[in-house]
Structures are given as structure tokens and as C-alpha cells.
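Right, one structure below, let's go through it.
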Amino acid sequence: MTLPSRWPAVLQAVMQGQPRALADSHYPQWHPAPVTGLMNDPNGFIWFAGRYHLFYQWNPLDSDHRYKCWGHWSSADLVHWRHEPIALMPDEEYDRNGCYSGSAVDNNGVLTLCYTGNVKFDDGGRTAWQCLAVQNDDGTFAKLGPVLPLPEGYTGHVRDPKVWRHDGQWYMVLGAQDRHKRGKVLLFTSADLHAWVSCGEIAGHGVNGLTDAGYMWECPDLFALDGTYVLISCPQGLAREPHRYLNTYPAVWMSGAFDYQTSAFAHGELHELDAGFEFYAPQTAVAQDGRRILIGWMGVPDGEEMLQPTRAHGWIHQMTCPRELRYRDGKLWQTPVRELEALREDEHHWQGRADDAPDLDGTRLEFELSASHVKVNFAGALRLVMDDEGLRLARASLETGETMTRYWRGDVNHLRVLCDRSSVEIFINHGEGVMSSRYFPDHPARVRVEGASDITLRYWSLRTCMIE
């Protein structure tokens, strides 16, 4: 049975909503963001047929999570993006309550989407189907339907397939919750993307001695990187610690040895992937030249997202910048992809006492700061403190007005900061750590470095780069 089409409502929402969004002083000038409505997880990130493709969870009808389709952008360079036809809409019985997150693969020259069809029942229950869709000649997608039902022993919370090929065989990791409400990552294998065989659990609560690991693991991504294997995931229900896991839900990474023969992943401890206020559901892709590139959602579900002021203009959330991943010295390093340097305008240098440094225009800004004990004031709406313990990033709660703080612990000697109207991405020590956050300053926003220490400052304004 085909459910009623929402195409007319979506088209009307875009026509009416886009002018409102673009008129908002907080709408990003070079980060991808929705033309209207709510955007969340990046999906289907892939290099295919000469372009990068980035799909995304999108509710074009309102700034909430009630309706989920897949929007679609593409790019030749990870900087300039263009709109492609909407890829998926929840118009079949098996995805009637949302086309949830997933990935994309090149199946013998056919761009193929692997996604979760979400179904909710009147009694409060739910189920999930892992589904396929293939690209048509006109850029739209044709659904092939479900290929994997709900696995035995798990609740209806099984979703977010990340699929890849190794030695001629397909593999899939899935986020899951078992019947005891414990978060897991499941592994499956297939010869043809249609018939899948379970290989068991490779991570989560009770796996590899991991305890107290939360009640649901979302958005898993397993890949080889610089001689090790890295698993990225988003565990829900991790206990907050004094200086990490302070968001409603965090994103984490772990590394170790993965054995394709035994389907065993011997990994180490969990590490927070981004220490800022907004970062979730990251997904990686292999670039044209072999680099591993990550893009995340600069948002967090179930926190203060519904209080963000952009909802008054009919839109909410944006993506992070694309980041290159490297693994060395037991750490996962993240740096902005070099392609973003094409956005730089004239370069400026300054050296001296921090309090004497020039104010910077934070609208579209990149700066590098070498310092020890300083503060960075982002238009009075976000404050960064660098001291002997590391970094503290603080802003006011949108709900209570009380100060909230996020932390990065360790020696800090260099910061690279990317600003875009209502977002700040702070790369620490050339990528050893990252803090990504939204903030909503009055414009024109000014960024000021404060303190008595000597600093070295290098900075650029960035060009506007809107989606075509």
C-alpha cells in the first residue's frame, strides 16, 4: 500500500520557508543547512561518479522531528554544494513513520541507499526494516523495499545501517537495543545486499568487558584507518562524568583490531569524539584520494534544541565542516579538510599582548591562535578559557540562563577556529581535540582575545558559499 504523497506540502513549505530562513542573521554562510525546517543526521556520505554526495535527515514541513525524509546535496570539492532531488520520503508501509538514517554504496556503478524504515504501532510498539533504494537516471531514487527485518532478541530500536564492501563481500553495522534495553552494535554480512546473515554483536554493553554502556547505540561506523580499526557510534544513556559526556547524548570512538574471519572487534576504551555543545551522528566517507572524511550534525537530540531562536525563522540545525581523520599515537585526530582553504580571503597576522589584539569580525571567520593563558570572547554569547588544565567553553542555557560549561583536558598550545554566524568549531593542537558549538549572538558579532599573555594570531575572513 502506498501512503498519500506529501510532495505538494513539501514544495509549498520550501517556497514559503526558504526566504524566511535566508533572512535570519543566524543562517550559516558557508556550512550546509536546511532551506527550511529541521535537518539532523548526515546520511549516505559517499564519493560517487565524480562527486561527493551527502544525504541528510530532513523535516521540510516543520522545525521538529515528526517527519523524516532524505534530502540530498552533492559537491565536486566538499566546499561548493548543490541541491539534488529529494531522495526518500516516508510513503510506504515499511517506512511510514520515517526514512531513518543510513548509508550509500557504489554497487557495480549504481548508487544504492541503505536506510531504516521506521514503523510505529497504535499500541506504542514499533519495528524497523533495513531497506534499499537505487538511483534513477534523473537523480531520483526507486525504493526496492526491505531486505532485513527486525533481528531476533532486539527491540524495535534497530537502525542506521552503515554498509561497506571488503574482499567482494558486503558488511553492515547497525545500532541496536536488546530486549534488556542495553545498547549494542550488530554486524551483518551479505553477498548481494539483499540476503543478510548475522555475525553477532561487536560492541556495546557487555561486549569486550564494557559495562554501563547505555541503553541504545546509534549511528555506528566501522572503518580501517592508519593501521587500526576505528568504530564511531553514539551511545545513549552513558553516565555523565565531571568533564565529558555532558551533552544529552555523546558521540564516541574506540579503536582496536577487527577480524573479518571471526567478526571480532577487540577494542579499547571509549573516547569522546567532540567536546563541544553540539555534535552528533557523524558519518565518514572515503575521499577521491583515499582520505577518510567525517561530517557530523551540529546538534544534539532531546536537549535544548527546540529552544534555539532560529525556529522562529522556520529552520534549525546545520552540518559541521568536513574533517579529515588520522590515527596516530593512540588518538583520533580531526582537521578541517584542506579544500576549505579556498574560502579564505586576505590573510592577516598580529603578535603581542592579548588585550591589545584587534577585534575580529565573527560573521565568517577563521583564525589560528598560539597562546597559553587567554580567553576568547565570542560576542559575549560564548566564552573560551585556556589555562593549565586545558579548555573551558561556556555559554548560557537557553532554558534557565544559567552558565553551562564543556571541557577539554590536556596541554593546549594552538587553536584553529572556524566561525559561521551561529557556529564555532575549535580544533585543538592541530586536531588532537575538537569542540563544536552553536551560539546565537547579536550581529555584527565580534570576537575578542583577552588576557595579559603574549599571543600570535593569524586570521582570514571567509567567503560566502551558499548551496546552489
Checklist outcome for this item: Simple SL model, points at 7 angstrom along Cα→Cβ for residue 134 and residue 240; separation in nm is 4.9
Next on the checklist: What are the ³J(HN,Hα) couplings of region 338-346, residue after residue, when phi is run through the Karplus curve with 6.51, -1.76, 1.60 and θ = phi - 60°? Round to Hz, x for glycine and proline.
Outcome noted: 4, 4, 5, 4, 5, 7, 5, 9, 4
Next on the checklist: For the pair residue 120/residue 302, report the inter-label distance in nm, with labels modelled 7 Å from Cα in the Cβ direction.
Outcome noted: 1.4
Checklist entry - Residues in region 216-236 near a label at residue 326, defined as backbone nitrogen under 15 Å from the 7 Å Cα→Cβ point? => result 225-228
Checklist entry - Want the number for residue 144 to residue 110: 0.36 nm per residue separation, take away the alpha-carbon distance, what's left? => result 10.9 nm
Checklist outcome for this item: Taking a straight Cα-to-Cα line shorter than 13 Å from residue 181, and setting aside same-chain aspartates and glutamates fewer than 8 residues away, one finds 212
Item to check | Whole-percent carbon and sulfur share, accessible surface of region 108-199, 1.4 Å | outcome: 48
Checklist outcome for this item: Here, trypsin sites (Lys or Arg not before Pro) of region 84-193 satisfying both criteria (DSSP loop; at most 11 other Cβ within 10 Å) are 179
Checklist entry - Counting only the heavy atoms of the protein chains, how much of residue 207 is accessible to a 1.4 Å probe, in Å² to the nearest 10? => result 20
Item to check | Phi-based couplings in Hz for region 232-242 (Karplus 6.51, -1.76, 1.60; Gly and Pro marked x) | outcome: 9, 7, 10, x, 9, x, 5, 5, 5, 10, x
Checklist entry - Under a Cβ-Cβ cut-off of 13 Å, what is the net charge of the residues other than residue 303 that fall near it, where Lys and Arg count +1 and Asp and Glu count -1? => result -1
Item to check | Gyration tensor verdict on region 114-190 (Cα atoms; rounded if a/c is under 1.5, prolate if a/b is larger than b/c, oblate otherwise) | outcome: oblate
Next on the checklist: Which entries of 68/143; 143/184; 162/184 have Cα-Cα distances beyond 19 Å here?
Outcome noted: 143/184
Item to check | Mean shadow area of region 166-304, taken as a quarter of the surface of its Cα convex hull (nm²) | outcome: 9.5
Checklist entry - Relative contact order (percent) for the chain, with alpha-carbon contacts under 8 angstrom and 6 or more residues of separation? => result 14
Item to check | Counted charge near residue 40, where neighbours are those whose Cβ lies closer than 10 Å (Asp, Glu -1; Lys, Arg +1) | outcome: -1
Checklist entry - Expressed in nm to one decimal, what extension gain is obtained for the pair residue 198 and residue 15 from 0.36 nm per residue of sequence separation less their Cα-Cα distance? => result 61.4 nm
Checklist entry - For region 199-276, treating each Cα as an identical point scatterer without solvent, what Debye log10 I(q)/I(0) comes out at q = 0.10, 0.14, 0.15 1/Å? => result -0.22, -0.44, -0.50
Item to check | Cut-off 15 Å between beta-carbons: net charge of the residues surrounding residue 260, Lys and Arg +1, Asp and Glu -1 | outcome: -1
Checklist entry - Using only Cα atoms, what is the ratio of the radius of gyration of region 312-353 to 2.2 N^0.38 Å? => result 1.81
Item to check | Accessible-area composition of region 284-374, carbon plus sulfur, in percent [1.4 Å probe] | outcome: 42
Checklist entry - With each pseudo-label sitting 7 Å past Cα toward Cβ, what's the residue 348-residue 387 distance in nm, one decimal? => result 3.0
Item to check | Calculated diffusion of region 339-393, Stokes-Einstein form, Kirkwood radius summed over Cα pairs, 4 °C and 1.567 mPa s, µm²/s | outcome: 99
Item to check | Residue-averaged 222 nm ellipticity for the chain, from DSSP H runs of 4+ at -39500 (n - 2.57), nearest 500 | outcome: -1000 deg cm²/dmol
Checklist entry - How high is the FRET efficiency between residue 23 and residue 62 when r is their beta carbon distance and R₀ equals 30 Å, given to the nearest 0.05? => result 0.95
Checklist outcome for this item: With Cα coordinates, the longest principal axis of the chain makes an angle with the long axis of helix 7-22, in degrees rounded to 10, of 10
Checklist outcome for this item: Across the alpha-carbon set of region 1-82, Rg over Rh with Rh taken as the Kirkwood radius works out to 0.99
Next on the checklist: Can you compute the label reach from residue 287? Point 7 Å from Cα along the Cβ direction, backbone N cut-off under 19 Å, restricted to region 204-224.
Outcome noted: 223-224
Checklist entry - Per residue, what volume in Å³ does the Cα convex hull of the chain take up? => result 145
Checklist entry - In Å, what Rg and Dmax follow from the Cα atoms of region 17-154? => result 15.7, 49
Checklist entry - What does the accessible area per residue of the chain come to in Å², with a 1.4 Å probe and no ligands, DNA or RNA counted? => result 39
Checklist outcome for this item: What the Cα atoms of region 293-396 span along the principal axes, largest first and in whole Å, is 43, 35, 34
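The values are calculated or read from the model by the stated rules, or taken from the named source; none is laboratory data. Note that the coordinates shown come from a computational prediction; the quantities given were computed from them, not determined experimentally. Neighbour counts are summed over all protein chains in view; Cβ atoms, including those assigned to glycine, are modelled from backbone coordinates with ideal geometry. Ligands, DNA and RNA are stripped out before the accessible areas are found, and what is left, the full protein with its side chains, is counted by its heavy atoms. Shrake-Rupley method; radii C 1.70, N 1.55, O 1.52, S 1.80 Å.
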